[in-house]
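Below is one structure, written out as structure tokens; comments come after it.
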């Protein structure tokens, strides 16, 4: 029975890897975790442009070049350590305090959680920094060994609203992998 379970898990992982690579997505991994994510339709995956910042999951529109000041999506994995916040809620509060609420004019709006299935639930927020012209949709996910922050970066609220479906498509493709 154990042999069947191991073979089934290996087959499922192989199928997921093939699916992700077919869609130009791929495996992104840390020391004790990994995840699969495929770019939304009309987007491409770039695992190199922000690698120096620890970001292997960067996505932008096909036919364009990455620019940190233009439309893009990135996934920021934060490895859990002994000094990490104990819950996803504490992690989010720390993230908001450090980045989003630094300027009193910034607006953070809680959205309904997003659950694409397979027991995944993402905590969603919209973040507006009107002074710098940054409009983001942010999704948080807590894996066993890492917190993951998904960010849709836009230059206007209108652009964010029109690209939200692409962002959710990326979340739909997400699969977390705990490495033994």
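Say whether the condition of being part of a loop (DSSP other than H, G, I, E, B), in contact with a helix residue (DSSP H, G or I) (Cβ under 6 Å, 6 or more places away or on another chain) and within 15 Å of residue 160 (Cα to Cα) is met by at least one residue in segment 38-57. Steps first, please.
Applying the first criterion (part of a loop (DSSP other than H, G, I, E, B)) to segment 38-57 yields 38-42, 47-50, 54-56.
Subsequent filtering for residues that are in contact with a helix residue (DSSP H, G or I) (Cβ under 6 Å, 6 or more places away or on another chain) retains 38, 40.
Subsequent filtering for residues that are within 15 Å of residue 160 (Cα to Cα) retains 40.
For segment 38-57, residues part of a loop (DSSP other than H, G, I, E, B), in contact with a helix residue (DSSP H, G or I) (Cβ under 6 Å, 6 or more places away or on another chain) and within 15 Å of residue 160 (Cα to Cα): present.
May I ask you to say which residue of 84, 166, 173 is closer than 22 Å to residue 28 by Cβ, surrounded by 13 or more Cβ atoms within 10 Å (Cβ to Cβ) and more than 17 Å from the chain's Cα centre (by Cα)? Just a single option satisfies the conditions, and that option is 84.
Per the conditions (1) in contact (Cβ under 8 Å) with a residue 24 or more places away in the chain; (2) surrounded by 18 or more Cβ atoms within 10 Å (Cβ to Cβ), the sole criterion not satisfied by residue 138 is (1).
Being free of Cβ contacts under 8 Å to residues at least 40 places away in the same chain and touching a strand residue (DSSP E or B) at 6+ places or on another chain (Cβ under 9 Å) is a property that residue 155 lacks. Can you spot a residue in segment 126-135 that is closer than 18 Å to residue 166 by Cα and outside any strand (DSSP E or B)? Scanning segment 126-135 turns up no residue that is closer than 18 Å to residue 166 by Cα and outside any strand (DSSP E or B).
Quick check, is residue 91 at pLDDT 95 or above, in a strand (DSSP E or B) and either closer than 28 Å to residue 33 by Cα or in contact with a strand residue (DSSP E or B) (Cβ under 8 Å, 6 or more places away or on another chain) (or both)? No, not satisfied.
For segment 1-33, enumerate the residues that are within 22 Å of residue 72 (Cβ to Cβ), modelled with pLDDT of 50 or more and either touching a strand residue (DSSP E or B) at 6+ places or on another chain (Cβ under 7 Å) or in a loop (DSSP other than H, G, I, E, B) (or both). Talk me through it step by step, then tell me what you get.
Of the residues in segment 1-33, the ones within 22 Å of residue 72 (Cβ to Cβ) are 20-21, 23-30.
Next, only the ones that are modelled with pLDDT of 50 or more stay: 24-30.
Answer for segment 1-33, where residues must be within 22 Å of residue 72 (Cβ to Cβ), modelled with pLDDT of 50 or more and either touching a strand residue (DSSP E or B) at 6+ places or on another chain (Cβ under 7 Å) or in a loop (DSSP other than H, G, I, E, B) (or both): 24, 25, 26, 27, 28, 30.
Only residues that are surrounded by fewer than 12 Cβ atoms within 10 Å (Cβ to Cβ), closer than 13 Å to residue 168 by Cβ and either in contact with a helix residue (DSSP H, G or I) (Cβ under 7 Å, 6 or more places away or on another chain) or at pLDDT 95 or above (or both) were counted across segment 99-125, and they come to 3. On inspection, residue 67 qualifies as over 17 Å from the mean Cα position of the chain (by Cα) and either in a strand (DSSP E or B) or modelled with pLDDT of 95 or more (or both). Every condition in (1) in a loop (DSSP other than H, G, I, E, B); (2) in contact with a strand residue (DSSP E or B) (Cβ under 8 Å, 6 or more places away or on another chain) holds for residue 102 except the one numbered (2). Taken as a whole, the structure places residue 74 among residues that are modelled with pLDDT of 95 or more and surrounded by 18 or more Cβ atoms within 10 Å (Cβ to Cβ).
The values are calculated or read from the model by the stated rules, or taken from the named source; none is laboratory data. This is a predicted model, so every value here is computed, not measured. Don't worry about glycine lacking a Cβ; one is built from the backbone with ideal geometry, like all the others, and counts go over all protein chains shown.
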